[in-house]
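Report on the following structure.
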Ligand SMILES: [Zn+2]
């Protein structure tokens, strides 16, 4: 009995049927790449064929290993999606073909460095109903790669969804003569595209999975347990974090951040000098308070040197969620993080009137 990949969306009947079918494995060496492409092409499995959205193959998993990537594809006519209807973010049905229990699926192994296809393993035969299945919804066109890149560039600059949509609209009007489809790609972005791109951006660029609870992400980044993967992924954030306390039933969430560069600014412009503290409440759709410590440079321009992020104590509203104790706690933690220079500890001269005594 062969093991069935758990990423395939199958019903019980399909699982039983798959036990008795012949799974085929084809392997290619580097000099057999044209054969590999020919084989994949005849099964509509070349990456460019899958990407244009006209095939029935749907990506079920991407297993990124050290030297290889394994892509798992499944025929959409055999994808038992109703079993996964609770998946977050899938409000609208994406089904384009009727479900007819087709068993076709394949895992393709690609060498990372060379991009060579080294193996295809699976069941390539579509059942009769699948071959006859009619499209019940138009194919979903992919976003044009350039349009996607433009949106991702704007996300890097912290642009809002509205700014990205406006920019895209202008681009389509002015540079594409209002044409919205080119070469089977669409050019006009929808608000849902921005949500998807933002999620992808966070996952790829910031290594944060927004499909899991925020609490888990925070614990994952700032929590005590360290593994090599985490040190590598979040090294910058971890290095900047001088205080972290997870939110529990009895304690509030507290995060103190200051990068190495900011700590140097603190010493250069804040030691024996003026520090300013600015507070703002409800900075996102959560009840979060943010306090920023600023120093003034030679041109009297404010430079943020530390951020205190915390939630109000339970039962309190955001505006009254801070007091002397919490700010003092953050400030002393920050002072600890600044350490000493020439045996002298960090000491501001004036700290915007009354908070000076907190240091
Ligand atoms: Zn099929």
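Taking the condition of being crowded, with 16+ Cβ neighbours inside 10 Å and at pLDDT 75 or above, how many residues in the stretch 207-231 meet it? Qualifying residue count, the stretch 207-231: 7. Please go through the stretch 30-60 and pick out each residue that is within 14 Å of residue 109 (Cβ to Cβ) and in contact (Cβ under 8 Å) with a residue 60 or more places away in the chain. Answer for the stretch 30-60, where residues must be within 14 Å of residue 109 (Cβ to Cβ) and in contact (Cβ under 8 Å) with a residue 60 or more places away in the chain: 30, 33, 36, 39, 40, 45.
For the stretch 126-158, a residue qualifies if it is in a loop (DSSP other than H, G, I, E, B), within 16 Å of the ligand (Cβ to nearest atom) and buried (at least 16 other Cβ atoms within 10 Å of the Cβ), and the qualifying residues are 126, 127, 133.
Based on what the data block shows, is residue 308 in contact with a strand residue (DSSP E or B) (Cβ under 8 Å, 6 or more places away or on another chain), closer than 17 Å to residue 335 by Cβ and part of a strand (DSSP E or B)? Before the answer, list the steps.
Working: in contact with a strand residue (DSSP E or B) (Cβ under 8 Å, 6 or more places away or on another chain): yes; closer than 17 Å to residue 335 by Cβ: yes; part of a strand (DSSP E or B): yes.
Taking the combined requirement at face value, the residue satisfies it.
For the subset of the stretch 98-122 comprising residues that are touching a strand residue (DSSP E or B) at 6+ places or on another chain (Cβ under 6 Å) and within 13 Å of the ligand (Cβ to nearest atom), which member is nearest to residue 8 (Cα to Cα)? For the stretch 98-122, the residue satisfying everything is 105.
Applying the condition of being free of Cβ contacts under 8 Å to residues at least 40 places away in the same chain and farther than 19 Å from residue 213 by Cα to the stretch 251-281 and asking which residue is surrounded by the fewest Cβ atoms within 10 Å (Cβ to Cβ) yields 260. Being within 16 Å of residue 115 (Cα to Cα) and at pLDDT 90 or above is a property that does not hold for residue 17.
The values are calculated or read from the model by the stated rules, or taken from the named source; none is laboratory data. The model shown is predicted, which means the values in this text are computed figures rather than measured ones. Cβ atoms come from the backbone with ideal geometry, glycine included; neighbour counts cover every protein chain shown.
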